[in-house]
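Enquirer: Starting off with a structure, shown below.
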Amino acid sequence: EKPLGAGRPRRVPPPGRASHRRSTHLRAPWILGRPAPRGFSGTGDASTSREKEESRRVKQLNRASELLQTIIDEVSREHFIDTAALIIEDDEADGLGDASGKGTEALAQVARKVCRVYMDELDSVFLATLLAYIQAAKDQNREDVVELLNCVYEQIILLLRMDLPGGIQCVDILTQVVGQADRERVLMKALGEAERNRDEGTPLDGSDAEAGRVAAAGESALDKLEVPACKPSEVFGACQEMLRQMETQDAFDKLLYYRVCCVREEVRDFAERFEAGETSIARAYPHALPARELALVKELLRVQGEQRMRALLSRAIAEFDVLQAEVDFGDVERSSASGLHGQMDGTNVIPHKLMECLAALLHESEMEDNDRMRGRDLPPEEVVKQMRLVREQAVSVLRQLAQMD
C-alpha cells in the first residue's frame, strides 16, 4: 500500500521566507492588484525560477512599503511641528488668516525636503506602490491620507523634473498649461530668467532648475509656477527630440504628441516675435521636404474657403498613423487636377512633418538667395498669404486635438 499522501504534489514555500513576514507577503501583492500566491507545486528549474522571481518581487514591495512609511512618518512629524509653529504665530498676530493655505505650502516644502533625502532610493516599484496606496486611501475615503500621499508624489515628480534639461522641463510644463496666453507667459518667464542669468554671468545649461523659481506672496497660481531659465531654442529643440522619439515608437500617447506639436509651433511664433534677427528656429527644417506633406500643402493651396480647408486638415491630422508612414502619397500629387476630395483616404500625413514643410516654405518665400527656387521669382503674395492661412488653420486644429484651445 502507498503511504498516506503519496503521489500528491508537495507545496513548497518560497525559500528564505520567515514566518513573521507572512502577513506582509499577503498584503504586498494586493497593492498591485494581484492575488497573494498560495505556494508553488512541483519541482525543477521552472518552479525554482518562479520562486526566486516571486521572492525578489515581494522583497521589492516590502522595501518600497517600508521606505514609503519612513517618508510618511518624517513628513508627518516635521509638518506637525511646522503647523504648530504657524498656529502659535497666528495666535500672536490675533488672527488665523489663511491658515489652510499656509499649511498646504508648508506641507509641500516639508515633503520636498524629506523626499530629496531619499531620491537615490526611489524607483519604479516605489512609485507604483505609492500610487497603489493613494488609490487605496481614496477607496476608503481617507481624504487626509490622500492629501498627504498626493503631496509626496507631486514633490517626487517635481524633484525628478529638476534633473532634466531646462528645455524638457519647459515642454513638460507647457503641455499641461491649457490657455495659449498662459503658455506665452511661461515662455516669457523662462526667457526672462535666461537673459537675467546671461547678464549676471550665470552659466545657462538648463541644469539649475532653481534659477527660474518664483513664489512671491499674493501672486496667481501661474505666477507661482516653477519655470527653469530657458531659451526658446532649447524648448524648440526639446520638442524636436520628443517628436523624433515618438515617431520611432510603435505606440505612444497621441494626446501628448498633439500637445508637443502645438507647443513647438507656438515656440516658433514666440521666437519670431520676441527674438531679434533670424533665429536658429527659423532655419530648423529639413532641406529635402517630405513628399506626402508637400503634396498636401500643394492641394490645400488650391482649396477655396477656410471651412473646407479646416475640415481637410482636421481629417488629415486626426487620422494619421505613424506606423503607415511608408504609404505612397504620389498619387495625390499626380492627380491634383481632380481636387482633394476622395484622395485623403490613401494618405498618411505626419502632423509635425506637415508643420515643418509649411515653416520651410514660408521661410524660403522671403529669401532672395533661395536655392530651392533656382533663380525663379519668389512666389506671389497671394500664394504666401494662402500658405499662412493653411498654417494658421493647422495650428488651430492641433490646439483643438491637443485640448489646449
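Enquirer: Can you compute the modelled spin-label distance between VAL117 and ARG63, with each label point 7 Å from Cα toward Cβ, in nm?
Expert: 2.0 nm
Enquirer: For a 31 Å ceiling on Cα separation, which of these pairs sit above it: LYS52/LYS113; LYS52/LYS254; LYS138/LYS353; LYS113/LYS138; LYS113/LYS254? Walk me through the intermediate numbers first.
Expert: On the way: LYS52/LYS113 36 Å; LYS52/LYS254 38 Å; LYS138/LYS353 43 Å; LYS113/LYS138 25 Å; LYS113/LYS254 35 Å.
Exceeds cut-off: LYS52/LYS113; LYS52/LYS254; LYS138/LYS353; LYS113/LYS254.
Enquirer: Estimate the FRET efficiency between GLU275 and GLU105 by the formula 1/(1 + (r/R0)^6), using the beta-carbon distance for r and 30 Å for R0, to the nearest 0.05.
Expert: Values: r = 35 Å, r/R0 = 1.18.
E(calc), rounded to 0.05, equals 0.25.
Enquirer: Beta carbons within 10 angstrom, averaged per residue: use that to sort the peptides 134-147, 257-270, highest first. The partial results should precede the final answer.
Expert: Working: 134-147: 13.2, 257-270: 23.5.
Highest mean packing first, the order is 257-270, 134-147.
Enquirer: Would you tell me the accessible area of MET367, worked out with a 1.4 angstrom probe on the heavy atoms of the protein chains, in Å² to the nearest 10?
Expert: Its accessible surface works out to 50 Å², give or take rounding.
The values are calculated or read from the model by the stated rules, or taken from the named source; none is laboratory data. As the structure is a prediction and not an experimental result, all values here were calculated from the model. Heads up, the Cβs are rebuilt from the backbone with ideal geometry, glycines too, and the neighbour counts pull from every protein chain shown. Heavy atoms of the whole protein, side chains included, go into the accessibility calculation; ligands, DNA and RNA do not. Shrake-Rupley method; radii C 1.70, N 1.55, O 1.52, S 1.80 Å.
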